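The values are calculated or read from the model by the stated rules, or taken from the named source; none is laboratory data. Keep in mind that this is a model prediction, so the values were computed, not measured. Cβ placement follows ideal geometry from the backbone for every residue including glycine, while neighbour counts extend to all protein chains displayed.
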Amino acid sequence: MRLRTALTVLAATGLTLCTTGTASAADLDCADFPNQAAAQANLDANPSDPNGLDANDNGRACEDYAYAASSGAQVSTRPQGAVAAGDGSASEGPGVLPYAVGGLALLGAAGAGVAARRSARATA
């Protein structure tokens, strides 16, 4: 009986870990930076180059990417309207569904453990 309970809890834990989303950093490309200097600053901050900004490993990020020539001004047109509310992240996360499924799996494992314990007490 203990083996079945342990296997149930282990299976539910594995299912929970598989279905929940993980926090991951955004994968950045040269197009995500306004200019080569910004890409270089990112490469300098992350010398291991997790985003692959330095394709030929010479220490210069996005050197072959064709950035638009800037006119010296930071913003060429004045923005109109309101700013969208949010946390500032560029992409949506996996949403609530993986966490809800993981929570239900964990709750199911706990219920299976309680049922197994009650069953073991009833037969003893």
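Points to keep in mind about this one:
- Filter pass, Asp49 being under 23 Å from the mean Cα position of the chain (by Cα), surrounded by 11 or more Cβ atoms within 10 Å (Cβ to Cβ) and at pLDDT 80 or above: yes
Listed here are the residues, each with its yes/no results for (1) surrounded by 12 or more Cβ atoms within 10 Å (Cβ to Cβ); (2) assigned to a loop (DSSP other than H, G, I, E, B); (3) modelled with pLDDT of 90 or more; (4) out of contact with any Lys or Arg (no Cβ under 7 Å at 6 or more places or on another chain).
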residue: Thr8; (1), (2), (3), (4): yes, no, no, yes
residue: Ala11; (1), (2), (3), (4): yes, no, no, yes
residue: Ser24; (1), (2), (3), (4): no, yes, no, yes
residue: Leu28; (1), (2), (3), (4): yes, yes, no, yes
residue: Asp44; (1), (2), (3), (4): no, no, yes, yes
residue: Asp57; (1), (2), (3), (4): no, yes, no, yes
residue: Ala61; (1), (2), (3), (4): yes, yes, yes, yes
residue: Ala68; (1), (2), (3), (4): no, yes, no, yes
residue: Ala73; (1), (2), (3), (4): no, yes, no, yes
